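Here is the structure we will look at, set down as structure tokens.
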Amino acid sequence: MSGYDASAATRVVVGVSGSLGSVTALRRAAALARRLGAELWPVLAWEPPGGDPAARRTPASGLLVEEWQRLAKQRLASVLDEIFGEDGPGVPMRALVVRGATGRALVAIADRENDVLVVGAGRRGLHRAFSGRVSRHCLAHAVCPVLAVPPSPLESDLVAVHRRNAWHLRMDTRDL
């Protein structure tokens, strides 16, 4: 194609962790990429447990980092396979695993004005004060439009079911 600049292609960058919120964001990002005719860039950002300083203090840190990287790739591949299956998302996709803080990594990758960054908006209710740091960071620092996807309504129902199970409370299945 004459005059086509691949670097100018619209990208839909989405943070993926495997959580229910990130799966909802991934589905929304794929639908948006199809609608825009854009590339889908699912990104899983990871950090060593305890952060980089803790990883450097470990004698076998090189082996551990390689293992954590492998596990991150495995998790991303598993989520993508579970959501899209063998058919894929229906648009060109470039999945990335990045070492670093999630918000910073997503903002660094979605660095073009014509990109769209899709993130989960975090939980509702009491947990909101402690969640949503990634979406807040992206909204504050991204150079491109950011779509913060609210959690699925089913997520709160699932949390309620888990809470009832943890307290061994009877559940009326007629309400489900």
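The C-beta contact set for the range 11-37 (first residue more than 15 Å from Gly103 (Cβ to Cβ), second residue open to solvent by less than 10 Å² (accessible area, probe 1.4 Å) and of a type in the set (D, E, K, R), distance under 6 angstrom, 6+ apart or interchain) comprises Arg11/Asp115.
Counting only residues that are of a type in the set (Gly, Ala, Ser) and open to solvent by 60 Å² or more (accessible area, probe 1.4 Å), the range 64-74 holds 0 of them. Scanning the range 120-150 for residues being at pLDDT below 95 and open to solvent by less than 30 Å² (accessible area, probe 1.4 Å) gives a total of 8.
For the range 75-102, a residue qualifies if it is surrounded by 13 or more Cβ atoms within 10 Å (Cβ to Cβ) and outside any helix (DSSP H, G or I), and the qualifying residues are Gly88, Pro89, Val91, Pro92, Met93, Ala95, Leu96, Val97, Val98, Arg99, Gly100, Ala101.
The values are calculated or read from the model by the stated rules, or taken from the named source; none is laboratory data. Nothing here was measured: the structure is a model prediction, and the numbers come from that model. Positions of Cβ are backbone-derived with ideal geometry, glycine not excepted, and every protein chain shown enters the neighbour counts. Side chains included, ligands, DNA and RNA excluded: accessible areas come from the protein's heavy atoms. Shrake-Rupley method; radii C 1.70, N 1.55, O 1.52, S 1.80 Å.
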